[in-house]
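All remarks here apply to the structure that follows.
The values are calculated or read from the model by the stated rules, or taken from the named source; none is laboratory data. Worth saying up front: this structure is predicted, and the values here are computed from it rather than measured. Reconstructed Cβ throughout: ideal geometry from the backbone, glycine too, with neighbour counts over all protein chains shown.
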Amino acid sequence: MKTLKQIIVFFFIVTFFFQCSKDSTGNNAAANPQGAGGSTARFTIAGNYLYVVDHMSLKSFDITQPANPVYKDKTEIGLNIETIFPYQDKLFIGSASSMYIYSLANPARPLRLARADYTISMACDPVVAKDSVAYAALRVEFTGPCARGFGNSSLMVYNIKDISTPVLIAEIGLQSPQGLGVKDSALYVCERTQGMKIFNVSSPYNPVFKKQISTEIFYDVIPYGNILICQVHGGFALFDIGNNPLEPVFISKILN
């Protein structure tokens, strides 16, 4: 049974990348050791629970017995829910207009702790968190099948020391952000055809641009141990980030 659960988790690591890309043309290792998903995922594992978001709600499933998942509860969140990211005992959920934070004190029935409305309306919005900071990548598109939003695409930096009251600290202009992930002092932001931008977040509320990797079209990332798993056009690109997360070293590319 343990083996089956590990297989399910490994499957999720890969499937997470493609879930949102199918939904919207589109991380980071989760804080718990059982699941890891990209920032654009619509489902995630935390402990013995699987959490799934649709456009309006959050559903929880007990997967203590992986071969027999048990539906536990449904929580209405709001409109245009898009992404979910687990960190410690919290879920960070992104919608087209807001970031929601839910407590997993009762894992079967997550409880809303906070909501932070974006300064940009109707943007695509993956969110990741680390310690007392949360980062949201908001993408505004004016043309194409996913045209939406008003304002400028941005990286939003929130102080979440008081988890019930996220405070917007900084807003950094970007071109076309998609997924993002954080590892130690490095923040990775995928900008699709613009490549992947790397920010130094040694000062977590003040990301400083470090470098840009433009060898691929980047959609999403998972920093998983010492490996950076990147969803790129045509498959996955793997980078070594064990020695210096700010200086990823290309390992190989896996084609679809």
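At a glance:
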{"quantity": "Residues located in the range 214-237, provided they are hydroxyl-bearing (Ser, Thr, Tyr) and under 16 Å from Pro126 (Cβ atoms)", "calculated": "Tyr219"}
{"quantity": "Test result for Thr64, among the β-branched types (Val, Ile, Thr), touching a Pro at 6+ places or on another chain (Cβ under 7 Å) and at negative phi", "calculated": "no"}
{"quantity": "Given (1) modelled with pLDDT of 80 or more; (2) out of contact with any strand residue (DSSP E or B) (no Cβ under 9 Å at 6 or more places or on another chain), number of the condition Thr3 does not satisfy", "calculated": "(1)"}
{"quantity": "Hits in the range 230-243 - residues which are in contact with an Asp or Glu (Cβ under 9 Å, 6 or more places away or on another chain) and in a strand (DSSP E or B)", "calculated": "Cys230, Gln231, Val232, Ala237"}
{"quantity": "Number of positions in the range 101-120 that are part of a strand (DSSP E or B) and touching a Leu at 6+ places or on another chain (Cβ under 8 Å)", "calculated": "4"}
{"quantity": "Qualifying positions in the range 166-198 - part of a strand (DSSP E or B) and either in contact with a helix residue (DSSP H, G or I) (Cβ under 9 Å, 6 or more places away or on another chain) or hydroxyl-bearing (Ser, Thr, Tyr) (or both)", "calculated": "Tyr188"}
{"quantity": "Of the criteria (1) of a type in the set (Ser, Thr, Tyr); (2) surrounded by fewer than 21 Cβ atoms within 10 Å (Cβ to Cβ); (3) not in a loop (DSSP other than H, G, I, E, B), which one Tyr219 fails", "calculated": "(2)"}
{"quantity": "Scope the range 41-88; condition assigned to a loop (DSSP other than H, G, I, E, B) and exposed (fewer than 15 other Cβ atoms within 10 Å of the Cβ); matching residues", "calculated": "Asp54, His55, Met56, Thr64, Gln65, Ala67, Asn68, Pro69, Leu79, Gln88"}
{"quantity": "Residue within the range 143-151 that is at pLDDT below 90, assigned to a strand (DSSP E or B) and in contact with a strand residue (DSSP E or B) (Cβ under 8 Å, 6 or more places away or on another chain) present", "calculated": "yes"}
{"quantity": "Of the criteria (1) part of a loop (DSSP other than H, G, I, E, B); (2) crowded, with 17+ Cβ neighbours inside 10 Å, which one Ser202 fails", "calculated": "(2)"}
